[in-house]
Amino acid sequence: MAREVSVIAIDGPVAAGKTAVGRELARTLGFSYLDTGIMYRAITWLALKNGVPVEDETSLGELARTNPLGLVGDDGDQVLAAGHTLGPELRELSIDGNVSVVSKATPVRRELVAQQRQTAAKGKIVMIGRDIGTVVLPDADLKVYLTASAENRAQRRWQEMRERGQAVELMTVLSETLARDRTDSSREDSPLRPAQDAWELNTDGLDIEQVVQKIIDQVSSR
């Protein structure tokens, strides 16, 4: 039964568990995996590296158009951009602080959505982001919308940052998480919201394996 579901879209707010869940789900099903957020982080990295103002949507769109992104490996944590293989650089504080602004830019979204659809057309893929079920892949076989409390999401993000050696206060991360929610939900182009036919799952109190199993149960039921 699982083979009948070929394209799975997973959306949700920052730090809801999409990355870890999506990666493990893809491994379990033997699917490809794409974290679309890493693509917006790559464009943000290119903009900062090349001195392109993150508020200049036209220049950002041109940057995305002239630097198509390539995925490296199977884990979805590296991307090839302008000859650079990027991984840990995309999780730096400077990227965290600017990616929301870059991802709001319509010219950037238009270019990256086209690339994402080309990838999904090959089938057997788990794709995660914030507008996959609503905009990128509205015809996905299964749409999942992961949620969690802002406090739990901030705690997860704070722990990840500590593991990367980034010293930051938990309350600062919570404040940034709430700000990111407001930005993502209020942007004019592809605001963060669940698709009408999405299956919503609150991940509070659940570990990765439990969330993955619940999604697999949904896949099997279809």
Legend entry - Qualifying residues in region 125-134 (those that are modelled with pLDDT of 95 or more and farther than 14 Å from Thr19 by Cα) - the one surrounded by the fewest Cβ atoms within 10 Å (Cβ to Cβ): Thr134
Inset, instruction - Check region 158-166 and report whether any residue there is polar (S, T, N, Q), more than 17 Å from the chain's Cα centre (by Cα) and open to solvent by 20 Å² or more (accessible area, probe 1.4 Å). - result: yes
Inset, instruction - Test Ala140 against the stated conditions and say whether it is free of Cβ contacts under 8 Å to residues at least 12 places away in the same chain, out of contact with any Leu (no Cβ under 8 Å at 6 or more places or on another chain) and under 16 Å from Leu34 (Cα atoms). - result: no
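Quick check, is Asp184 farther than 27 Å from Lys124 by Cβ, not hydroxyl-bearing (Ser, Thr, Tyr) and not in a helix (DSSP H, G or I)? Break it down stepwise before answering.
On the way: farther than 27 Å from Lys124 by Cβ: yes; not hydroxyl-bearing (Ser, Thr, Tyr): yes; not in a helix (DSSP H, G or I): no.
Considered against the rule, which asks whether it is farther than 27 Å from Lys124 by Cβ, not hydroxyl-bearing (Ser, Thr, Tyr) and not in a helix (DSSP H, G or I), Asp184 comes out as no.
Just checking, which of Thr66, Thr44 is under 25 Å from Leu178 (Cβ atoms) and either free of Cβ contacts under 8 Å to residues at least 40 places away in the same chain or buried (at least 24 other Cβ atoms within 10 Å of the Cβ) (or both)?
Details: Thr66 fails: under 25 Å from Leu178 (Cβ atoms).
Unique residue meeting the criteria: Thr44.
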Inset, instruction - Say whether the condition of being under 15 Å from Lys18 (Cα atoms), open to solvent by less than 60 Å² (accessible area, probe 1.4 Å) and of a type in the set (D, E, K, R) is met by at least one residue in region 204-219. - result: yes
Inset, instruction - Answer with yes or no whether Ala179 is open to solvent by 80 Å² or more (accessible area, probe 1.4 Å), out of contact with any Asp or Glu (no Cβ under 7 Å at 6 or more places or on another chain), at pLDDT below 95 and aliphatic (A, V, I, L, M). - result: no
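Quick one: would you say Tyr33 is touching a residue at least 24 places away in the same chain (Cβ under 8 Å), under 24 Å from Gly133 (Cα atoms) and either β-branched (Val, Ile, Thr) or touching a Ser or Thr at 6+ places or on another chain (Cβ under 6 Å) (or both)?
Numbers: touching a residue at least 24 places away in the same chain (Cβ under 8 Å): yes; under 24 Å from Gly133 (Cα atoms): yes; either β-branched (Val, Ile, Thr) or touching a Ser or Thr at 6+ places or on another chain (Cβ under 6 Å) (or both): no.
No; evaluated as a whole, the condition is false for this residue.
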Inset, instruction - Go through the residues of region 100-108 one by one and say whether even a single one is among the hydroxyl-bearing types (Ser, Thr, Tyr), open to solvent by 40 Å² or more (accessible area, probe 1.4 Å) and not in a loop (DSSP other than H, G, I, E, B). - result: yes
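The values are calculated or read from the model by the stated rules, or taken from the named source; none is laboratory data. Because the structure is predicted, anything quoted here is derived from the model rather than measured. Heads up, the Cβs are rebuilt from the backbone with ideal geometry, glycines too, and the neighbour counts pull from every protein chain shown. Quick note on the areas: whole protein, heavy atoms, side chains included, nothing else; ligands and nucleic acids left out. Shrake-Rupley method; radii C 1.70, N 1.55, O 1.52, S 1.80 Å.
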